[in-house]
Structure formats: structure tokens, C-alpha cells
1. Within the group 178, 170, 97, which residue is surrounded by 15 or more Cβ atoms within 10 Å (Cβ to Cβ) and at pLDDT below 95?
2. Residue by residue through the range 66-85, note down the ones that are of a type in the set (A, V, I, L, M), in contact with a helix residue (DSSP H, G or I) (Cβ under 7 Å, 6 or more places away or on another chain) and farther than 16 Å from residue 103 by Cβ.
3. Look at residue 342 and say whether it is modelled with pLDDT of 95 or more, surrounded by 17 or more Cβ atoms within 10 Å (Cβ to Cβ) and not hydroxyl-bearing (Ser, Thr, Tyr).
4. Looking only at the range 81-124, filter to residues that are part of a helix (DSSP H, G or I) and more than 28 Å from residue 185 (Cβ to Cβ); which one of those is farthest from the chain's Cα centre (by Cα)?
5. Being within 18 Å of the chain's Cα centre (by Cα) and of a type in the set (Phe, Trp, Tyr) is the filter here; which residues of the range 232-247 pass it?
6. Select, from 114, 160, the only residue that is surrounded by 16 or more Cβ atoms within 10 Å (Cβ to Cβ) and on the phi > 0 side of the Ramachandran plot.
7. Say we look at the range 205-264 and pick out the residues that are out of contact with any Leu (no Cβ under 6 Å at 6 or more places or on another chain) and among the polar types (S, T, N, Q); which of these is modelled with the lowest pLDDT?
8. Are any of the residues in the range 39-46 modelled with pLDDT under 95, under 27 Å from residue 261 (Cα atoms), surrounded by fewer than 16 Cβ atoms within 10 Å (Cβ to Cβ) and over 22 Å from the mean Cα position of the chain (by Cα)?
Amino acid sequence: MKTIGVVSQFPPPPGGMPGQAAALLEGLRREKIRVVAVRTNLAGSGLLGKLDGVRFIRTLVRWPVFLVRLAFAIRRIDILHILSCSGLYFFLFTIPPVLLGKLLRRKIILHYHGGGAEAFFLKWPSLTRWVLVRAHAILVPSEFLHKVFEKRGLRAEIVGNILNADGFEPRERISVTPNFVVARHLEPPYNIECIIRAFGLVKKRYREAVLVVAGGGSEEKRLKALAAEMGLSASVQFLGYVDNARMPEIYRKASIFLNASNVDNLPVSILEAFAAGLPVVTTCAGGIAYLVEDGRTGLVVSLNDHEAMAQKIFLLLENPELAQKLVTNARKEVERFSWPEVFNKLSNIYSLVAS
């Protein structure tokens, strides 16, 4: 097998594309494949680690540091496996490795993440297509993104997100109590405000209700202020960024998983909830509609509708047999995202690209 260079943001923070990059790196190393990590974020300790936590400044510093890392690493790499997404990240951290890879005749796999791809491609149609067609293979995690690429006449292979289910032990019989968890970055696309407002309605009927928010981000201060304004400060626990190793324990203490994203693809947090045996109430954003089937593997509501989310929560709390059915069905979906399943597809793609 050739040497694979994984180009991506890596934790911290946990979850999302960084979490997938870390899982990919770990999995490839377990398979005894030579792999090189080319980090797009600064991370680490010392000055670079501190700068990585400062908005705007970190972007200015990340790019030249990344270019230096890429220049040194690419000499050892045969296949560039570039994890990509929309926005400024595409311009700074996808285009350079694609161009350098083509210049040095490396094989290029472009692995696209993020639910905002269609709007981004419409905004930059010529440039994005010019970059994408230079990849030897395009990978996407969901049927949703596959259709986005198909509309543009681009062939993409579906390779699901990696779920490490270790520690997520499903319960034989669930106990449905008003203990809720959301595990997303506190950023506008994930609409945590909607969940807090839905929780406010639930709290009026279930005074003992508790909401745990696992994640950090730019909206943390505003969301804490909203919870205080609604008189929910004592019942909404903001944990900040949580290491992946702690997530099984957090899920074990909850009874229902909530998600209200407005833009999304294939959230690993929903897969974790499936693995942990939690019934899921979620919006139908992006690829979620292909992952969660309403009434079979979860309950689905329209975007930004906190009242509908509250009603679905009431339905679960008052119908434990429905919650059990959702959990049982959802658990069957988990195996598709295990490392052996994902690696089976990846190894075939690596072999085809390398030939």
C-alpha cells in the first residue's frame, strides 16, 4: 500500500471533521498502512496552541504554517486524502494541496464534508468545479451529498462517517425520563437556540427536566444568556468541549438526544446516540433526512420549529414503547458506520487510485 497523507483539521476541538480525521488516521495505522497527518489547524501546546484559540488571528497564522507543513510532508506521500468542506476552508486548505499534488503528480482523493456544499458550489460554480475535477476520486459521507455532486455531473463515492462504538453500550430496556443531551458545536448552523426554547416548553410540564449541552463555540455566551433570560440556568448544563472518551458516560446519563441543526450532513453525534440506545428527536436538515427515518429510527421535525420539537419530546416521554421501538431500529443502523465497513470501501478506492 502507498503512503497516505491525510490533510485535515485535527482535534481539538473534538467531533465533526476533525474527529473524522482522527478516526481515519487511527484506523489506517491499525491496518499497518503508512500514513502522514498534515494538520491544517495549529493545535498543540505553546504559542501555536494559544493562537489557535483566537478568532481571525488564527486564520492568518494557520495558512502559512499549513503550507510549510504540506511542503515538507508531500515528499513522503503518494496519495493525498484531503478532507474538505465549504467556505474559506476550501480556498485556504483544499486548493493548495490539490494544486501541489497535481504539480508533483500525486494521487488526490477529495473527501467532502459539510451540509452547505450545494449553496457553496452555486456561489462559486466555475472555481469549485475546476478544483473538484482534478481529484482522482471524490468521496462523500452521505446520499445527500452524493446527490449534490451528481447534480453537477461529478461522480462521488459514498463512504460513511466512522463511528467508534466502543463504550456505547445500548440498554436492554430504556427508561424515558426528561433528561436530554445535545452534542454539537455551539455555532449558528446547529441552532442550539431552538433546543433551548423547546426545552423551556418541556420544563413547564416536567419541572425536573435537565438539558446537557456538550460542545463549545462562538455562540456559547449568547446561549448561556438566553438560558438565563428564560429562567433555565439551573437546568441547562453547558459542559464546553468534551473529549470523545467521555461521551459514552454523558449519553448513559441521558434519556433523549436532541438535534436542531439548520445545515448538516451526516452527524456522528446522532450515530453515537443510536449506538448508546437513545431515542433521537431531530430536524430534517441536509443528510439527516437520509439517516433518520421519522417514526422508525427517530422523530423528525421541520427546521427551526421549537414548538414541534417540544411536542415530539412529549410524545416520547408519554409513550415509552415508541421510544423503545425507535432505539431498537436505530441500533441496527450503527454497523454500517463501523471501521471495518468503512475501511473495506476505502481500501478498494486507494487501490483503484494507486493503480
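The values are calculated or read from the model by the stated rules, or taken from the named source; none is laboratory data. Just so we're clear, the structure is a prediction, and the values are computed from it rather than from any experiment. With ideal geometry, Cβ positions are generated from the backbone for all residues, glycine too; neighbour counts draw on all protein chains shown.
1. Numbers: 178 fails: at pLDDT below 95; 97 fails: at pLDDT below 95.
Going through 178, 170, 97 in turn, just one is surrounded by 15 or more Cβ atoms within 10 Å (Cβ to Cβ) and at pLDDT below 95: 170.
2. The initial filter retains those residues of the range 66-85 that are of a type in the set (A, V, I, L, M), namely 67-68, 70-71, 73-74, 77, 79-80, 82-83.
Applying the additional criterion that residues be in contact with a helix residue (DSSP H, G or I) (Cβ under 7 Å, 6 or more places away or on another chain) yields 67, 70, 74, 79-80, 82-83.
Result: 83, single match.
3. It is true that residue 342 is modelled with pLDDT of 95 or more, surrounded by 17 or more Cβ atoms within 10 Å (Cβ to Cβ) and not hydroxyl-bearing (Ser, Thr, Tyr).
4. Of the residues in the range 81-124, the ones part of a helix (DSSP H, G or I) are 88-103, 117-123.
From the residues that got through so far, the ones that are more than 28 Å from residue 185 (Cβ to Cβ) too are 99-103.
Details: 99: 26, 100: 27, 101: 26, 102: 29, 103: 31 Å.
If we take residues in the range 81-124 being part of a helix (DSSP H, G or I) and more than 28 Å from residue 185 (Cβ to Cβ), then 103 is farthest from the chain's Cα centre (by Cα).
5. Answer for the range 232-247, where residues must be within 18 Å of the chain's Cα centre (by Cα) and of a type in the set (Phe, Trp, Tyr): just 241.
6. Working: 160 fails: on the phi > 0 side of the Ramachandran plot.
Step by step, each of 114, 160 is checked, and only 114 is surrounded by 16 or more Cβ atoms within 10 Å (Cβ to Cβ) and on the phi > 0 side of the Ramachandran plot.
7. 244
8. No, the conditions are met nowhere in the range 39-46.
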